[in-house]
There are 2 protein chains.
Amino acid sequence: MNNKEIPYKIYLEEKEMPASWYNVRADMKNKPAPLLNPATLQPMTAGDLEAVFCAELVRQELDDSTPYIEIPREILDFYKMYRPSPLVRAYCLEKKLDTPAKIYYKFEGNNTSGSHKLNSAIAQAYYAKQQGLKGVTTETGAGQWGTALSMACSYFDLDCKVFMVKVSYEQKPFRREVMRTYGASVTPSPSETTQVGRQILAEHPGTSGSLGCAISEAVEAATGTEGYRYVLGSVLNQVLLHQSVIGLEAKAALDKYGIVPDMIIGCAGGGSNLGGLISPFMGEKLRGERDYRIIAVEPASCPSFTRGRFAYDYCDTGRVCPLSKMYTLGSGFIPSANHAGGLRYHGMSSTLSQLYADGLMEARSVEQTAVFAAAEQFARVEGILPAPESAHAIRVAIDEAMKCKETGEEKTIVFGLTGTGYFDMVAYEKYNNGEMSDYIPTDAELEAGFAGLPKVEK
Amino acid sequence: MNNKEIPYKIYLEEKEMPASWYNVRADMKNKPAPLLNPATLQPMTAGDLEAVFCAELVRQELDDSTPYIEIPREILDFYKMYRPSPLVRAYCLEKKLDTPAKIYYKFEGNNTSGSHKLNSAIAQAYYAKQQGLKGVTTETGAGQWGTALSMACSYFDLDCKVFMVKVSYEQKPFRREVMRTYGASVTPSPSETTQVGRQILAEHPGTSGSLGCAISEAVEAATGTEGYRYVLGSVLNQVLLHQSVIGLEAKAALDKYGIVPDMIIGCAGGGSNLGGLISPFMGEKLRGERDYRIIAVEPASCPSFTRGRFAYDYCDTGRVCPLSKMYTLGSGFIPSANHAGGLRYHGMSSTLSQLYADGLMEARSVEQTAVFAAAEQFARVEGILPAPESAHAIRVAIDEAMKCKETGEEKTIVFGLTGTGYFDMVAYEKYNNGEMSDYIPTDAELEAGFAGLPKVEK
């Protein structure tokens, strides 16, 4: 540690900001397994993928050997509008907990999308624009990704079609209106605008939709329309690559003041935030330069890492997307109504799955009421109202800080605060009214999900 | 202009941040007129005021000669959690408008209260704590002030009782839940908890409340309870004093890069943001050191400056609060349903009113649909989703930048972006659906308001 006084918030100067993304796969001995074509169960080729995704993004998806990929000037310019995000020393939280631990959080919520999702949205929109496309399609559940993509498309003057799970469309009208303000068209899914949507509506009249159905509609809308491609906000390798900007900035800020963290903590749904946050630290670990504890936090109601299987599975409920080797609860697993919508995914990034399988990171599951208790405690002393997803990481950061209090150890904890909870007040209201409950799936429920796993030759 | 490259966002370092607030009244030749006791129509004494407000805040309210007032260490510590706020060069907006003007905005929305209100809330909570009080009471309409005060009270472990206009309590449940998450009690007004509330409910069963009624309830709850005082988020001199931190930071950031603005633009409801933003610039103007154009922007539906009278009037609809000499539409004037709730006030800060009367600033009124058009244009290129209040300033900043395009002048425009619009999506939805209309009060409606002005000897 050097002698510079550490400010509350560490901001990098423009010249200190990362100019390249870091591709952690380049340093992995065991590479993540390739995506499989759902029709043939053979590895997806670039050609297969380019029917759905932008060409440059396909290249990034398949590249597991180039460690650094330059960030195009146009994306750097956009990043400057809301980056660097601050690395904040949680002095007030430390004081409240009376812990000797030093707690830092990397806060990604200071942009209108309200989360880290914008880091990848702007990259994906840029490559779509470069390819001369007219627009992109996507699905959104909770709405953070849809909002981020709408903002990115607005910036590059691209059309943006969002299929929003019908129940969210109706229950989260504010998220929907943010997207519309940024010029996106938002269609409640299932809809009459696609073949698959019409089919589902005929079979299940009055259905309130699901993420799996919205993905199927978005993919159909992209592949069936000239000049359109489909984009996705998590799970994929390309997304983790773009999100590495979070970790690179965090590491640069820590290095600037000679701070070496003992542990890095992040919430994990599909893995976009966690994969980005930990990437440069994991890189050092993979290269044998330095060791860190790395902890993924997931909801007890959707415990892919802690109770899932490491196996090939479909990425979507509708089973039209490629198969990925990952920790999964089975594509037929329906997570219970957990308010952290961004963490309700049956699977996990294949990169993070491989790292976890190789013992390079830990995972922990936490229950919802304990998560909201941590969210409220954090909000009251640190000011920021966290998204429920982010609060999963807060919960474990507080737990670890309290262990330090017991042992007297002055550990340095860094966690990712992925976003703000302004559009999650219905969940906060339930918590405030004492009406929130926890749910942990039974072993039998999990077994039912595993029973649906596809049979794939290793 | 010096040669340093100007970054997108200018952040001050901790050592460059203001350590004192600036009291613009000290440099005014014509001081704002004193508040009058509503019972005697004589100037309010410190003793009169201390029955309602904290003692130190009363001292600040009455002090029109001390130019700099040191910011207590505890408040500076809190400011560090979310300040300095960035001064942003709106490069993308400039490019979109294709204007030679240089546009900067001081963004106050990067904290959970979503606005600049926190700057004064934390100061008022601090002085209440210093005085050994148990808690404070206040009213809130749109909810930004109530949220900010809840956060501040939570930080200092003070009780916070918010009377929220009943219609807002019911229609803005999310704002209410943010306040509850910070530990405030939120009571829909009128309520059965106060004498005045019970009286109003008896006279007007089923009323949805008004700001005037909520103020009366909050004042009664403060004066009738041991260890409580009432606090207010705008209009008062003390509030403008605390909000001077906005202008001081903005000026320090501009000075750091040798930038001299031609005009400063801010929205004006009660004047808390505008008064704070312009204070150091107005100070230079008052001392004859430099000239700036200073423009207050108000809604055409509630045009205190542009169509009001400069006269003594009650600060509240219920006429229980002191009288202030200000530009007013009459305390009986009911602003139409304009979505910028924070600008729906019949009067104006007495300090700003005196400056306007003395020809030291301009005022302009703008219509609602034009304001939302500016909000959307700004959001799409600059990323930030502005509060409707803030968008009034954006409207005029864009108008001035377009004038520069016509004349070819490279003017430097600074405007205040007071906050974010996450809780205003109902208004955005109306705009997105083409269902928003404008309203301009007729001369006859204004005359009716003026007819109710009290008769006060000059």
key: The one condition in (1) within 27 Å of A:Leu62 (Cβ to Cβ); (2) surrounded by fewer than 24 Cβ atoms within 10 Å (Cβ to Cβ) that A:Met326 fails to fulfil   = (2)
task = Within the range B:427-455, count every residue that is touching a strand residue (DSSP E or B) at 6+ places or on another chain (Cβ under 9 Å) and either β-branched (Val, Ile, Thr) or within 14 Å of another protein chain (Cβ to nearest Cβ) (or both).
result = 1
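Evaluate the following for B:Met402: is it over 18 Å from B:Arg89 (Cα atoms) and of a type in the set (A, V, I, L, M, F, W, C)? So that I can check it myself, show each step before the final result.
Values: over 18 Å from B:Arg89 (Cα atoms): no; of a type in the set (A, V, I, L, M, F, W, C): yes.
No; evaluated as a whole, the condition is false for this residue.
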query = Checking A:Ala19 against (1) within 14 Å of chain B (Cβ to nearest Cβ); (2) surrounded by fewer than 18 Cβ atoms within 10 Å (Cβ to Cβ); (3) closer than 17 Å to A:Ser279 by Cβ; (4) not polar (S, T, N, Q), which single condition isn't satisfied?
reply = (1)
Breaking point among (1) buried (at least 21 other Cβ atoms within 10 Å of the Cβ); (2) in contact with a Leu (Cβ under 7 Å, 6 or more places away or on another chain), for A:Met402 = (1)
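Answer yes or no as to whether A:Leu93 is under 27 Å from A:Cys213 (Cα atoms), in contact with a helix residue (DSSP H, G or I) (Cβ under 8 Å, 6 or more places away or on another chain) and within 13 Å of another protein chain (Cβ to nearest Cβ).
In short, no.
Could you tell me which of the residues A:Asp77, A:Asp98 is of a type outside the set (S, T, N, Q), farther than 20 Å from A:Gly342 by Cα and within 12 Å of another protein chain (Cβ to nearest Cβ)?
Numbers: A:Asp98 fails: within 12 Å of another protein chain (Cβ to nearest Cβ).
Just one listed residue meets the conditions, A:Asp77.
In the list A:Asp424, A:Asp399, which residue meets the criterion of being among the acidic types (Asp, Glu), away from chain B (no Cβ under 14 Å) and within 28 Å of A:Leu329 (Cα to Cα)?
Details: A:Asp424 fails: away from chain B (no Cβ under 14 Å).
Unique residue meeting the criteria: A:Asp399.
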request  = Determine whether the range A:375-382 contains at least one residue that is within 23 Å of the chain's Cα centre (by Cα) and of a type in the set (Lys, Arg).
outcome  = no
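Give the number of residues within the range A:67-99 that are basic (Lys, Arg) and out of contact with any Asp or Glu (no Cβ under 8 Å at 6 or more places or on another chain). So that I can check it myself, show each step before the final result.
The initial filter retains those residues of the range A:67-99 that are basic (Lys, Arg), namely A:73, A:80, A:83, A:89, A:95-96.
Imposing the further condition that a residue be out of contact with any Asp or Glu (no Cβ under 8 Å at 6 or more places or on another chain) reduces the set to A:73, A:89, A:95-96.
The qualifying residues number 4.
Within the bounds of the range A:371-384, is there any residue that is touching an Asp or Glu at 6+ places or on another chain (Cβ under 8 Å), within 14 Å of another protein chain (Cβ to nearest Cβ) and closer than 20 Å to A:Asn110 by Cβ? First the steps, then the outcome.
So in the range A:371-384, the residues touching an Asp or Glu at 6+ places or on another chain (Cβ under 8 Å) come out as none.
Within the range A:371-384, not a single residue is touching an Asp or Glu at 6+ places or on another chain (Cβ under 8 Å), within 14 Å of another protein chain (Cβ to nearest Cβ) and closer than 20 Å to A:Asn110 by Cβ.
Can you tell me how many residues in the range B:79-107 are under 15 Å from B:Phe378 (Cβ atoms) and part of a loop (DSSP other than H, G, I, E, B)? Lay out the reasoning, then the answer.
So in the range B:79-107, the residues under 15 Å from B:Phe378 (Cβ atoms) come out as B:88-97, B:99, B:101, B:103-107.
Next cut, part of a loop (DSSP other than H, G, I, E, B) only: B:90, B:99, B:101.
Within the range B:79-107, residues that are under 15 Å from B:Phe378 (Cβ atoms) and part of a loop (DSSP other than H, G, I, E, B) number 3.
Within the group B:Glu70, B:Glu14, B:Glu5, B:Glu56, which residue is acidic (Asp, Glu), without any contact (Cβ under 8 Å) to a residue 24 or more places away in the chain and open to solvent by 30 Å² or more (accessible area, probe 1.4 Å)? Walk me through how you get there before you give the answer.
Numbers: B:Glu70 fails: without any contact (Cβ under 8 Å) to a residue 24 or more places away in the chain; B:Glu14 fails: without any contact (Cβ under 8 Å) to a residue 24 or more places away in the chain; B:Glu56 fails: without any contact (Cβ under 8 Å) to a residue 24 or more places away in the chain.
Checking each option against the conditions leaves just B:Glu5.
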request  = Can you run down the residue pairs with Cβ atoms below 8 Å, 6 or more apart or on separate chains, where the first is in the range A:434-458 and exposed (fewer than 13 other Cβ atoms within 10 Å of the Cβ) and the partner is at pLDDT 90 or above?
outcome  = A:Ser437/A:Gln368; A:Ser437/A:Thr369; A:Ala451/A:Gly330; A:Glu457/A:Leu41
Any chance B:Thr194 is surrounded by 17 or more Cβ atoms within 10 Å (Cβ to Cβ), free of Cβ contacts under 8 Å to residues at least 60 places away in the same chain and not charged (D, E, K, R) = yes
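Can you name the residue in the range A:22-46 that is touching a helix residue (DSSP H, G or I) at 6+ places or on another chain (Cβ under 7 Å) and either within 14 Å of another protein chain (Cβ to nearest Cβ) or open to solvent by 60 Å² or more (accessible area, probe 1.4 Å) (or both) and, of all such residues, is farthest from A:Glu74 (Cα to Cα)?
Let us first name the residues in the range A:22-46 that are touching a helix residue (DSSP H, G or I) at 6+ places or on another chain (Cβ under 7 Å), namely A:22-25, A:27-28, A:30-33, A:37, A:46.
Next, from what is left, pick out any that are either within 14 Å of another protein chain (Cβ to nearest Cβ) or open to solvent by 60 Å² or more (accessible area, probe 1.4 Å) (or both): A:30-31.
Working: A:Asn30: 33, A:Lys31: 30 Å.
Filtering the range A:22-46 for residues that are touching a helix residue (DSSP H, G or I) at 6+ places or on another chain (Cβ under 7 Å) and either within 14 Å of another protein chain (Cβ to nearest Cβ) or open to solvent by 60 Å² or more (accessible area, probe 1.4 Å) (or both), the one farthest from A:Glu74 (Cα to Cα) comes out as A:Asn30.
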ask   = Where in the range A:219-320 are there strands (runs of 3 or more DSSP E), lying fully within it, with 1 or more residues that are under 13 Å from the mean Cα position of the chain (by Cα)?
value = A:263-267, A:293-299
key: Selection status of B:Gly206, modelled with pLDDT of 90 or more, out of contact with any helix residue (DSSP H, G or I) (no Cβ under 7 Å at 6 or more places or on another chain) and open to solvent by 50 Å² or more (accessible area, probe 1.4 Å)   = no
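Have a look at B:Arg290, B:Arg364 and point out the one that is closer than 28 Å to B:Pro18 by Cβ, surrounded by fewer than 21 Cβ atoms within 10 Å (Cβ to Cβ) and either more than 14 Å from every other protein chain (Cβ to nearest Cβ) or not polar (S, T, N, Q) (or both). Steps first, answer last, please.
Values: B:Arg364 fails: closer than 28 Å to B:Pro18 by Cβ.
Exactly one of B:Arg290, B:Arg364 is closer than 28 Å to B:Pro18 by Cβ, surrounded by fewer than 21 Cβ atoms within 10 Å (Cβ to Cβ) and either more than 14 Å from every other protein chain (Cβ to nearest Cβ) or not polar (S, T, N, Q) (or both), namely B:Arg290.
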task = Kindly list, by first and then second residue, each pair from a residue in the range A:210-230 that is within 15 Å of A:Cys153 (Cβ to Cβ) to a residue that is of a type in the set (Asp, Glu), limited to pairs with Cβ atoms under 8 Å and residues at least 6 apart or on different chains.
result = A:Ala218/A:Glu139; A:Tyr228/A:Asp159
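Do we find that B:Leu49 is farther than 23 Å from B:Gln130 by Cβ, open to solvent by less than 10 Å² (accessible area, probe 1.4 Å) and assigned to a helix (DSSP H, G or I) in this structure?
On the way: farther than 23 Å from B:Gln130 by Cβ: no; open to solvent by less than 10 Å² (accessible area, probe 1.4 Å): yes; assigned to a helix (DSSP H, G or I): yes.
Spelling it out, it is not the case that B:Leu49 is farther than 23 Å from B:Gln130 by Cβ, open to solvent by less than 10 Å² (accessible area, probe 1.4 Å) and assigned to a helix (DSSP H, G or I).
The values are calculated or read from the model by the stated rules, or taken from the named source; none is laboratory data. All values derive from a computational prediction rather than experimental measurement. Using ideal geometry, Cβ is built from the backbone for each residue, glycine included, and neighbour counts are taken over all protein chains shown. For accessibility, only protein heavy atoms count, side chains too; no ligands or nucleic acids. Shrake-Rupley method; radii C 1.70, N 1.55, O 1.52, S 1.80 Å.
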